[in-house]
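**Q** This is the structure, below, for whatever I ask next.
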Amino acid sequence: MAVNSSSRRVISLACLFGGIALMVIALILDAMKSDAPFRGAFLVIGMIAILAGLFFFPTLKHHRTFVYVVFLFPLLFTFVVTVIIPLVLGIGYSFTDWDGIRLTKFVGFANYGKMFSQPSFIWSILLTVLFVAFNMVLVNLVAFLLALLCTSKLRGLGFFRAAYFLPNLIGGIVLGYIWQFIFANVVTNLTTALFDNRYSMLSESKTAFIAIIIVYIWQYAGYIMLIYITGLNTVPGEVLEAASIDGASPMQTLFKIKIPMIAPTITICTFLTLTSAFKQFDVNLALTNGTGSISNFLGEYLTNGTEMLALNIYNTAVINDNYSLGEAKAVLFFIILAVVSIVQVRISNKKEVEL
Amino acid sequence: MKKKALALLMTGIMAAGMAACGSNGGAASSNAGTDAAASGDAQAAADAGTTSAPSGKGVRLLNGKPEIDAQLQDLAKKYNEETGNTLLVETIGGDTSASDELKKMYQADNMPDIFVIEANQADTWDGMLVDMAGEAWTDKTGFELTNANMGTIGFPYTVEATALAYNGDLLAKAGVDPASLTSPEAWLEACATIDAQKDALGITSVFGWCAEPANLGWSSGTHVFGQYLDSGLKPDDTTYIDLLNDGGQIDEARMKAFAEFIGMMNEYSDPDLLVDGTYDDQVKGFTDQKYVFITQGNWCVTEDTGFECGFAPYAFEDGFNTIIAGPPSYWVAYKDGDVEGAKAFFNWCAGDSAQNILVNDAGLVSPFDDCKYEAVNPFYKSMKSYIDAGNYSGWHTMLKKAGLENKTCQVFADYAQGKLDADGFVSTIASVIKSYYAE
């Protein structure tokens, strides 16, 4: 066993050092912009050798740890490459004058100062908060009513469930263009006939904001409805039956039994709506592209009357070609979403303990 | 056994997926002009008028006009047939910003050898573009893009024009001579004349002007606003773009005259199109002969309309007789790419067989003086008459600060809705521009 262990140790160390050497060579060649065709092969073989070295390392504890790491590695690697590294780089770029091509100097908190001095950005934050507040209430209300309908004894419930959920399967951009046509044509014909207003809802900031809310509810209520249906189905039948025998009216059953019993579902749905509404981008882009005028906000005429936070960040970076400022705004956006998510997790955990 | 087979299959799929991720794709649509014969390179270079041969690996061109992708693929085939060199055309489609995509390519170390830029994007690539001064093609055009730091950097592959596009047949029926439309008074009189004959002419309105900002902001914010910057000026006159780029200043008197002209367009436009219309509605209204004028350029119709098409100037001051004409974007060569290959392609592209494809198949208007092909575009004759007479202004609107059009287009929309009068338009657009430049 000892001989076996020592030979394994030798193989392990050989693989580890060989692997590290190959990877270092490959990375040096890459840094030198070498065209050597074996760079990739060196890198991959080096990685495999390191993994083999760890695998052969002769203790049970290491062996088990290695197996866990190997199974976690693909996910961890993807997570680091797609989330952690861009996050760290993004935070770093927000302190520079990076334009997507070059980085010439560090500017400290200048981008942060600049973004808070922009009335258009402050407007986007306020508009997003307002949008979130409206949607948290309206989406949940509509979804809950639809869930009640879909858990009743109506005929064709399967059809209704599918029909209400269907808009959620359509991409936001497509949805935005479909509704743009509806608002610019169908709704305008109605408003022209009823109120003699020949311009579409989308041509005014206030009504365009309402239009975005309507589309968002149409898109998202079906998804939230499914969660409420699951919640309502967990209410025990015998409790409902007992309430019925005791003479409880349908309204009493709803408010005294069903809603209290699905409180955790309501919490989950509320936070889902909250985080999702904060990140609103695609419908906003396709429906109004953030346009709309505000005649006076903090002493300025604004041209981004319906531009929410995510779209403002995109426009700052990509359209206005100001990547570092866009990064600074994105960092703030991240902080807001992180705080909301942490609060969500804390409250959800607390509810679970209470239950 | 089944489990092992499944595991093997999944491993295979994962490996294939990772290999695919690692491959140097990038091309949304690309085509090599079949297999390149390196032996033909020297001959190609000789034909193209250059002394040095390209690398032979193939030149990658990033095209920003998806509508001419097929024609550019034909161009690549022709280039390969005639020179043995390979051209790989990659096209960025739809609403994707070529500028943004190029930045991603740069960060991924996957830059094409030739790519498309608009004039105001040159500074973004400062020090990275090839100075092509002295190349054979530069002697055949006056439309190349020059930059103070980098020299002659932009190859003009097309010329586009924008002004007030008109239906000549309807104007003739209404008794209006388009050549007379060189002053605000003449325009007002023409509008009143045409408007009075709407039923007889079978039109909806005099203008098909659309100030909708969400989808047509590029039209009002860039092209129509560009008339304020350039109308009536010589192509090299940069008075108002210089003023604009100097902290966002405007000439209030000129802007007031421009605002009054736009006010006239608002008054005589189709109200259904003016605020909520789309590009398709606008162009269809013109081709259906429902509008006499539309605020687009020669790109809006590329085939025969069945009526005479032409351009009239935005004459918001007396004597304005120019249209905006020139390349809206350019092909540039990347300094760290295949420079000789790019130069060889540009020289070949300015020649007869390439121009044949670009003009006759792609419907572009050639920027080269010796091109013998007349564009099929119905506006070509009118464009040519302005260019030949020297009555054209530059596309200096492309030199304004990036993203400004998304701000100014909203002011046009508010003016169209009647929220602002001419004075309100001037003061609002001045404050919007000033604050955007201050950001």
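The values are calculated or read from the model by the stated rules, or taken from the named source; none is laboratory data. None of these values were measured; they are calculated from a predicted model. Virtual Cβ from ideal backbone geometry, glycine too; neighbours counted across all protein chains shown.
**Q** Within region A:113-125, is there a residue that is part of a helix (DSSP H, G or I), over 30 Å from A:A211 (Cβ atoms) and within 14 Å of chain B (Cβ to nearest Cβ)?
**A** Yes, some residue in region A:113-125 is part of a helix (DSSP H, G or I), over 30 Å from A:A211 (Cβ atoms) and within 14 Å of chain B (Cβ to nearest Cβ).
**Q** Let me ask something else. In the list B:A163, B:A108, B:A119, which residue meets the criterion of being within 18 Å of the chain's Cα centre (by Cα) and modelled with pLDDT under 90?
**A** After ruling out the rest, the residue left standing is B:A119.
**Q** With respect to B:N85, is the statement that it is touching a helix residue (DSSP H, G or I) at 6+ places or on another chain (Cβ under 6 Å), more than 30 Å from A:I319 (Cβ to Cβ), modelled with pLDDT of 50 or more and of a type outside the set (F, W, Y) true?
**A** When the stated conditions are applied, B:N85 passes them.
**Q** Kindly indicate whether B:G277 is within 14 Å of chain A (Cβ to nearest Cβ) and not in a helix (DSSP H, G or I).
**A** yes
**Q** Please go through region B:143-163 and give me each residue that is surrounded by fewer than 18 Cβ atoms within 10 Å (Cβ to Cβ) and either touching a residue at least 40 places away in the same chain (Cβ under 8 Å) or of a type in the set (A, V, I, L, M, F, W, C) (or both), ordered by number.
**A** Within region B:143-163, just B:A148 meets the criteria.
**Q** Within region A:105-125, how many residues are free of Cβ contacts under 8 Å to residues at least 40 places away in the same chain and either assigned by TED's automatic domain parsing to the domain that holds A:L309 or out of contact with any strand residue (DSSP E or B) (no Cβ under 8 Å at 6 or more places or on another chain) (or both)? Spell out the reasoning first.
**A** Step one: of region A:105-125, the residues free of Cβ contacts under 8 Å to residues at least 40 places away in the same chain are A:105-106, A:108-110, A:113, A:116-118.
Cutting the leftovers down to either assigned by TED's automatic domain parsing to the domain that holds A:L309 or out of contact with any strand residue (DSSP E or B) (no Cβ under 8 Å at 6 or more places or on another chain) (or both) gives us A:108-110, A:113, A:116-118.
Residues that pass the stated criteria total 7.
**Q** Related question: Of the conditions (1) within 14 Å of chain A (Cβ to nearest Cβ); (2) closer than 22 Å to B:L164 by Cβ; (3) not charged (D, E, K, R), B:P378 fails just one. Which one is it?
**A** That leaves (1) as the condition not met.
**Q** Can you name every residue in region B:102-126 that is within 10 Å of chain A (Cβ to nearest Cβ) and in a helix (DSSP H, G or I)?
**A** Correct list: B:L102, B:K103, B:K104, B:Y106, B:Q107, B:N120, B:Q121, B:D123, B:T124, B:W125.
**Q** Across region B:380-400, which residue is surrounded by the most Cβ atoms within 10 Å (Cβ to Cβ) among those that are under 26 Å from B:T278 (Cα atoms) and touching a Leu at 6+ places or on another chain (Cβ under 8 Å)?
**A** Step by step, filter region B:380-400, then rank; the result is B:T397.
**Q** Residues that are in a strand (DSSP E or B) and under 18 Å from the mean Cα position of the chain (by Cα): does region B:311-320 have at least one?
**A** The answer is yes; a qualifying residue exists.
**Q** Right, A:S341: in a helix (DSSP H, G or I), over 16 Å from A:S94 (Cα atoms) and not hydrophobic (A, V, I, L, M, F, W, C) or not?
**A** yes
**Q** If you don't mind, there's one more thing I want to ask. Can you name the condition, by its number, that B:I203 falls short on among (1) over 17 Å from the mean Cα position of the chain (by Cα); (2) assigned to a helix (DSSP H, G or I); (3) surrounded by 22 or more Cβ atoms within 10 Å (Cβ to Cβ); (4) more than 14 Å from chain A (Cβ to nearest Cβ)?
**A** Of the numbered conditions (1) over 17 Å from the mean Cα position of the chain (by Cα); (2) assigned to a helix (DSSP H, G or I); (3) surrounded by 22 or more Cβ atoms within 10 Å (Cβ to Cβ); (4) more than 14 Å from chain A (Cβ to nearest Cβ), the odd one out for B:I203 is (2).
**Q** Just to verify a result, which residue in region B:386-421, among those that are aliphatic (A, V, I, L, M) and farther than 19 Å from B:T222 by Cα, is farthest from the other protein chains (Cβ to nearest Cβ)?
**A** Among residues in region B:386-421 that are aliphatic (A, V, I, L, M) and farther than 19 Å from B:T222 by Cα, the one farthest from the other protein chains (Cβ to nearest Cβ) is B:A389.
**Q** Related question: Conditions first: (1) in contact (Cβ under 8 Å) with a residue 40 or more places away in the chain; (2) within 14 Å of another protein chain (Cβ to nearest Cβ); (3) more than 17 Å from the chain's Cα centre (by Cα). B:G424 passes all but one, so which condition is the exception?
**A** Condition not satisfied by B:G424: (1).
**Q** Could you please give the count of residues in region A:230-249 that are surrounded by 10 or more Cβ atoms within 10 Å (Cβ to Cβ) and in a helix (DSSP H, G or I)?
**A** Selection size over region A:230-249: 10.
**Q** I would also like to ask the following. When region A:79-101 is examined, which residues are found to be within 11 Å of chain B (Cβ to nearest Cβ) and out of contact with any Ser or Thr (no Cβ under 9 Å at 6 or more places or on another chain)? Explain how you work it out, then say what you get.
**A** So the first thing to find is which residues in region A:79-101 are within 11 Å of chain B (Cβ to nearest Cβ), and the list is A:81, A:89, A:98-101.
Within region A:79-101, A:V81, A:L89 qualify.
**Q** Looking at B:C191 and the list (1) under 25 Å from B:A416 (Cβ atoms); (2) in the same structural domain as B:A136 (by TED's automatic domain parsing), which single condition is not satisfied?
**A** Unmet condition: (2).
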